[in-house]
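Only one structure is covered here, and it is reproduced in the block below.
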Amino acid sequence: MRLLRGVGVAAVLLCAAPLLRAAPPAATAHRPPTAAEVLAGSAAADWRALDPHNTLYLELATGRVVIELAPEFAPNYVANVLALSRGKYFDGLPIERSQDNYVVQWGDRAGKKPVGTAHRTVAAEFERPLRGLALTRLPDPDTYAPEVGFVDGFPVAADPASGRAWLVHCYGMVGSGRGDDVDSGGGTELYVVIGQAPRHLDRNVTLLGRVVSGMELLSVMPRGSGPLGFYERPEQFVPLTSVRVAADVPAAQRTNLEVLRTDTPAFQAYLEARRNRHEEWFKVPAGRVDVCNVPVPVRPAGGGAVTK
């Protein structure tokens, strides 16, 4: 059985925000715009549609979870998870673990279900060359890496001295469980971060995607009673109805979403609004922000209310 190794950390949801008394007022000449005002003033070109060939629909009885995959960072893992999904490997498998302030995990606990044309294990993809990545850097220091920022909406850390870059364990990131051998994973067991960013896992586990819609369906799973939050009784397990590649789903049945591009002036303005909160409720702007406290906005394709 392959498990995600690690210890828990204190809980706080990165997308949590205090309630405002009213809708944000229009920006004025003497006050910088709020994040909501930046998004309201964004242009269509500031957004990009999800690629259906690298998007998964995880179906639960309670609804759909949309996962965007990251082939730029874990190409072999992504290809394997796509093969597993197309082979219906995940269909009927359970959510087997819910560890408070840590992860929700699903897969085949016994490790016996056939993987079809996919591979049971894939070589680890913890990091990649920094060269060739258009990293939108945060101006603030990070505890775990010399630089942090975003690439195509994914939170990324980098070390210019070594020329390496890697995805980081922010809320909603999806990774592959493994054993002690770094090459013992393959995507047959997947997890999603549901608590405060466990950054100590960075470069120790292969991250391969992120949830862009439906996190509320996973984060509310009842916590497991066993060690590391594993479920122990049959009634605790929550079955996956199916996992499908969005490109294989009829167009009329897709969840068409678009993501704020992180290589645009609009994102830079949004980032600055997150660093210095100008909503009326805030009295002391922080003047800096953590990479895992910048939720990249997602909305229905063509416009509409931001869902993340």
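For the chain, with all protein chains present and a 1.4 Å probe, just round the carbon and sulfur fraction of the accessible area to a whole percent.
Numbers: 7640 of 13690 Å².
The C+S portion of the solvent-accessible surface of the chain is 56 percent.
Calculate the FRET efficiency for residue 144 and residue 223 from the Cβ-Cβ distance with a Förster distance of 22 Å, rounded to the nearest 0.05.
Working: r = 27 Å, r/R0 = 1.21.
About 0.25, to the nearest 0.05.
Which whole-angstrom value gives the distance between the alpha carbon centres of region 189-216 and region 32-103?
Region 189-216 and region 32-103 have Cα centres spaced 11 Å from each other.
How large are Rg and Dmax for region 90-222 when only the alpha carbon atoms are used, in Å?
Here Rg and the maximum Cα pair distance are 15.5, 47 Å.
Ignoring solvent entirely, what values of log10 I(q)/I(0) come out of the Debye formula for the chain at 0.14, 0.15 Å⁻¹ when each Cα is a single scatterer?
Here log10 of I(q) over I(0) equals -1.09, -1.25.
Working out 0.36 nm times the residue gap between residue 268 and residue 216, then minus their Cα-Cα distance, what length gain in nm do you get to one decimal?
On the way: separation 52, 0.36 × 52 = 18.72 nm, distance 2.72 nm.
So the extension gain works out to 16.0 nm.
Compute the long axis of helix 75-86 from its Cα atoms, compare it with the longest principal axis of the Cα atoms of the chain, and write down the angle in degrees, 0 to 90, nearest 10.
The answer is roughly 60 degrees.
Which one, 35, 44, 252, has the greatest fluctuation when you compute a Gaussian network model over the chain with C-alpha springs under 10 angstrom?
252
Determine the principal axes of the Cα atoms in region 205-308, then give the extent along each, sorted from largest to smallest and rounded to whole angstroms.
49, 39, 29
May I ask you to compute the full-extension gain from residue 181 to residue 237, defined as 0.36 nm times their residue separation minus their alpha-carbon distance, rounded to one decimal in nm?
Details: separation 56, 0.36 × 56 = 20.16 nm, distance 2.71 nm.
Computed gain between residue 181 and residue 237 is 17.4 nm.
Report the Rg/Rh value for region 163-213, based on alpha-carbon coordinates and the Kirkwood definition of Rh.
With Rh from the inverse mean 1/r over Cα pairs, Rg/Rh is 0.95.
Which whole-number value in Å² is the accessible area per residue of the chain, probe 1.4 Å? Walk me through the numbers before you get to the answer.
Values: 13690 Å² over 308 residues.
Here the per-residue accessible area is 44 Å².
Work through the residues other than residue 173 whose Cβ is under 12 Å from its Cβ and net out their charges, Lys, Arg +1 and Asp, Glu -1. Don't skip to the end; give the middle numbers.
Numbers: positive: 199, 210; negative: 68, 202.
Within the 12 Å Cβ shell, the charges total 0.
I'd like the FRET efficiency for residue 288 and residue 112, computed as 1/(1 + (r/R0)^6) with the beta carbon distance as r and R0 of 30 Å, rounded to 0.05.
Approximately 0.05, to the nearest 0.05.
What ranking of 282, 150 comes out by heavy-atom accessible area, probe 1.4 Å, highest first?
282, 150
At 7 Å along the Cα-to-beta-carbon direction for both residue 161 and residue 301, put a label point, then send me their distance in nm to one decimal.
Output for this residue pair reads 4.5 nm.
The values are calculated or read from the model by the stated rules, or taken from the named source; none is laboratory data. The shown structure was predicted, so the numbers you read here are calculated from the model rather than taken from an experiment. Note that we place each Cβ from the backbone using ideal geometry, even for glycine, and neighbour counts take in every protein chain shown. The accessibility values were calculated without ligands, DNA or RNA, using every heavy atom of the protein model including side chains. Shrake-Rupley method; radii C 1.70, N 1.55, O 1.52, S 1.80 Å.
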